[in-house]
Amino acid sequence: MSRPTPDPDRNAQDTEAGFDIQPDFERFHQRDEVFRRSWWDARIRSPKSELFYATHREPLKSWRPTDGFTQKDYALRNAAWHVSDLFTDLKQDADRREGFNDEFTLTRGVAAERMDLGTPVETAAEIKRVAKGFGADLVGITDYDERWMYAKKFSDLTLVDRPQEIPAEVTNVIVTAQSMDYDLIRTVPSALSGAATGAGYSRDAMVVLSIAQYIQNLGYQAVASMNDTSLAIPFAIKAGLGEYGRHGLLITKEFGPRVRLGKIYTDLPLAHDQPIRFGVKEFCDVCRRCSAGCPVQAIPDGVPSTVRYNQSNIKGVRKWSVDGEKCFGYWAAQNSDCSICIRVCPYNKDFSKWWLRVGRWLAGTRLRRLMLWLDMRLGYGERMDPKRWWSARA
């Protein structure tokens, strides 16, 4: 069985999703992703980058006398990553780093008998209910789009390209989003804030594996995936989870850019969600808080373009693109991931509060400049001292 021919109305679908695909478009190679390059490319790999990875697993020999970078801060960060790391390390002897280089294979297989769950609309509703039950904060469904799959995969361990392994029967993609802790993100830059990232991935691993196994138990193909196999943001946009932001991240209505994404590739017949618009593009056109806040100026302050800073940018898409080399260089220099662009983003809010939902609404109207002024005036996006996070949880 082969995948269906792409919809002839692809241009209309791209317009609806906000994609501006150029004639010279090329699929992206996983080896060119900046984190993969940090394993093989001498322009990225350095003693600092090697220390960055090592200290996620091993204790530092010394600690910085800086709030947010103490032994306790690193201890929490590494503990938050622990579940995700277990999955990533489990099959290294087979040249697999599942969840970051390779999709997950840790399932029990597909049942021999297929169960009919009703119409694709009914099935999609059930899958979403199950996904939320397993802990997904957001879930959407879209079609399998070959353009966003890596042209080739890459092994961090043996440094060789590999072919895609997604079954030919796959026709749909379920996209999940896990929110990250708001207060932890407020402490960026800090090792402590990395606990929000790690916990997001650890939760994501459990969620996508559980959803995939449920679908396999029904007799259908399902492959769980996190930061591997494909670009995640285009699928998330198509699945109606949010819009694309100036900082190159997905901005969701519920959590802003404060999410981690997972995917399940499946042949289960499912109705698709549609892209949503709530004014992000128009707001990002006038907002420069992420580009102004980036310490290494890796985020553009101009209009969307086809500029490629280096090979870690996809070719042939007009959009805001981030200079991944500058970005990762800062991560390695401070020995923890940086989410300043998330912290300062005006969409990074606790939207359980009604007045913040009003601000989100304003951002989608012609009063967006007023919302931006109020956001800055009221001090949103300012760094919280990591000591405050610890004392608040005491």
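The values are calculated or read from the model by the stated rules, or taken from the named source; none is laboratory data. All values reported here derive from a predicted model rather than from experimental measurement. Cβ sites come from the backbone with ideal geometry, for glycine too, and all protein chains shown count toward neighbours.
Are any residues in the range 38-66 in a helix (DSSP H, G or I) and touching a Phe, Trp or Tyr at 6+ places or on another chain (Cβ under 8 Å), and if so, which ones?
S38, S49, F52
Among all residue pairs at least 6 apart or on different chains, which show Cβ distances below 6 Å where the first residue, located in the range 173-193, is closer than 22 Å to M149 by Cβ and buried (at least 24 other Cβ atoms within 10 Å of the Cβ) and the second is among the aromatic types (F, W, Y) and at pLDDT 95 or above?
Taking only residues 6 or more apart or on different chains, the pairs are V173/Y144; V173/F235; V173/Y265; V175/F235.
For the range 339-374, give me the residue count where each residue is under 20 Å from C287 (Cα atoms) and in a loop (DSSP other than H, G, I, E, B).
Final tally of qualifying residues: 12.
Looking only at residues in the range 87-117 that are free of Cβ contacts under 8 Å to residues at least 12 places away in the same chain and loosely packed, with under 12 Cβ neighbours inside 10 Å, which one is farthest from the chain's Cα centre (by Cα)?
In this case the residue turns out to be D116.
If I filter the range 141-197 down to residues being part of a helix (DSSP H, G or I) and over 18 Å from the mean Cα position of the chain (by Cα), which single residue comes out as farthest from Q334 (Cα to Cα)?
Initial filter on the range 141-197 (part of a helix (DSSP H, G or I)): 146-148, 182-186, 194-197.
Okay, now just the ones that are also over 18 Å from the mean Cα position of the chain (by Cα), so 146, 183, 186.
Values: E146: 36, D183: 20, R186: 17 Å.
Residue satisfying both the conditions and the ranking: E146.
All but one of (1) touching a helix residue (DSSP H, G or I) at 6+ places or on another chain (Cβ under 7 Å); (2) within 30 Å of C284 (Cα to Cα) hold for A224; state the number of the condition that does not hold.
That leaves (2) as the condition not met.
Residues of the range 280-309 being assigned to a loop (DSSP other than H, G, I, E, B) and either among the charged types (D, E, K, R) or buried (at least 18 other Cβ atoms within 10 Å of the Cβ) (or both), which ones? Walk me through how you get there before you give the answer.
Start the filter on the range 280-309 by keeping residues that are assigned to a loop (DSSP other than H, G, I, E, B), which leaves 287-288, 294-304, 306-309.
Matches in the range 280-309: C287, R288, C294, A298, I299, P300, D301, P304, R308.
What's the number of the only condition in (1) assigned to a loop (DSSP other than H, G, I, E, B); (2) touching an Asp or Glu at 6+ places or on another chain (Cβ under 7 Å) that W331 fails to meet?
W331 satisfies every listed condition except (1).
Can L209 be described as surrounded by fewer than 24 Cβ atoms within 10 Å (Cβ to Cβ) and either in a loop (DSSP other than H, G, I, E, B) or hydrophobic (A, V, I, L, M, F, W, C) (or both)?
Numbers: surrounded by fewer than 24 Cβ atoms within 10 Å (Cβ to Cβ): yes; either in a loop (DSSP other than H, G, I, E, B) or hydrophobic (A, V, I, L, M, F, W, C) (or both): yes.
In short, yes.
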